[in-house]
Amino acid sequence: MEWVALLFLFLLLCALLNLVLPQPPPSRWRRGLHAAAERVAGRLRRRSAPEPDPFETLQLQTRLGQLAGKIRRVEATPHVYAKAHRLMALEAAYDDLLDEACRLAGVPPEADLQRGEERRWLEEQNLASRGWSW
């Protein structure tokens, strides 16, 4: 019960102080308080990711399509010099571009999967579900 009386006394003193000092604090203080509040709010505010450039997205889709075509061409040709090395290099480049495309599209990275057919298929499906085509 004592805390209610203390709360009432505190509120009464605040009301009396408000009557005695009706002016707001000096503007210099308000500016300083406002700047400090903005800094704190800026730290607490979530940083939003900037929208990807549509031309960068289009260029990436075009490059993915070109690499997919080169991979199909090397796989279809029976007598290619260093076929395995070319396929490994092309697939590594394709995987890197898929990772970049997933980053641009906002697809969460698959940390538990190693690079390979399964991860590549999953990333392609995630990109296709977001409207990407190549």
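Read-outs throughout are calculated quantities, based only on the coordinates presented, and are distinct from any laboratory measurement. All values derive from a computational prediction rather than experimental measurement. Ideal geometry is used to build each Cβ from the backbone, glycine not excepted, and the neighbour counts take in all protein chains shown.
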For this session: Measure nothing but the geometry: give the 0 to 90° angle between the long axis through the Cα atoms of 54-76 and the longest principal axis through the Cα atoms of the chain, rounded to 10°.
Result: 30
Exercise. Debye sum, Cα scatterers, region 81-134, no solvent: what log₁₀ I/I(0) at q = 0.26 1/Å?
Worked result: -1.04
Problem set entry | With Cα atoms, 0 to 90° folded angle of helix 117-129 axis to the chain main axis | 60
Seminar exercise, completed: Given [x] 38, 31, 30; [y] 55, 27, 27; [z] 95, 38, 24 as possible values of Cα extents along the principal axes in Å, the one from the coordinates is [z]
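Under 11 Å from the Cβ of Gln59, count the other residues' Cβ atoms, weight Lys and Arg +1, Asp and Glu -1, and hand me the total.
Charge balance in the 11 Å sphere: -2.
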For this session: Taking the Cβ of Glu110 as the centre, find all other residues whose Cβ is under 14 Å away and add up their charges (Lys, Arg: +1; Asp, Glu: -1).
Result: -3
Exercise. In degrees, nearest 10, range 0 to 90: what is the angle between the Cα axis of helix 27-44 and the longest Cα principal axis of the chain?
Worked result: 30
For this session: Order the peptides 7-16, 101-110 from the highest to the lowest mean number of other Cβ atoms within 10 Å of their residues.
Result: 101-110, 7-16
